[in-house]
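Notes for the one structure printed next.
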Amino acid sequence: MWDFYMNKKTVSIISGVVFATLGGYGLYKGVFNKNSLTYSWEWIERLTNKQWNNERDKVQQIVMSPKYSDSMRNEALRILQLFDKVKNKKECKGFDNYKFPVHGEHGTNLYKK
C-alpha cells in the first residue's frame, strides 16, 4: 500500500530534505554555537582572575578530599593541571624577545669589558 501513494523518487527527495535539515542543524550547533564545555581550555581562558581562583578551588577540593573515588580525583587533577597551564600561558610574556647567546670572541657569553 505504501508503494501506491509514494514512489521511490518522492521518498528519496523527502529523506534527502530531512537529512539535509538535520545536518544543517547539527552544523549550526557544533560550529556556530560557541558555547564551550565547562572545564575546557576555551572556557578556562575566558574566566577572570577571581572566577579562575574560585573554580580552581572547587576542583582542588575534589582532588584533596578522600570521599571521592580515585577516578574522579584523577580527572579533577587533570583539570587542575589544565587550569595551571592556561594561567601560565596567559601570564608568561618574558620570553617573547629572547635570543640565543651569541658566540663571542673568547667563547659563549664571554665578552670584553
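The accessible-area ordering, largest first, of the residues W41, W52 stands as W41, W52, per a 1.4 angstrom probe. For a paramagnetic label modelled on M72 (point 7 Å from Cα along Cα→Cβ), amide N atoms under 16 Å away belong, within segment 34-65, to 58-65. On the basis of the beta-carbon distance and an R0 of 41 Å, W43 and N7 show a calculated FRET efficiency of 0.20. A 1.4 Å probe, protein heavy atoms only, puts the accessible area of T21 near 90 Å². Relative protection proxy for 56-62, 44-50, from highest mean packing down: 56-62, 44-50 (other beta-carbon atoms within 10 angstrom).
The values are calculated or read from the model by the stated rules, or taken from the named source; none is laboratory data. If you're wondering where the values come from, they're calculated on a predicted model, not measured in any experiment. Here the Cβ is made from the backbone with ideal geometry for all residues, glycine too, and neighbour counts use every protein chain on show. These accessible areas exclude ligands, DNA and RNA; they are computed on the full protein's heavy atoms, side chains included. Shrake-Rupley method; radii C 1.70, N 1.55, O 1.52, S 1.80 Å.
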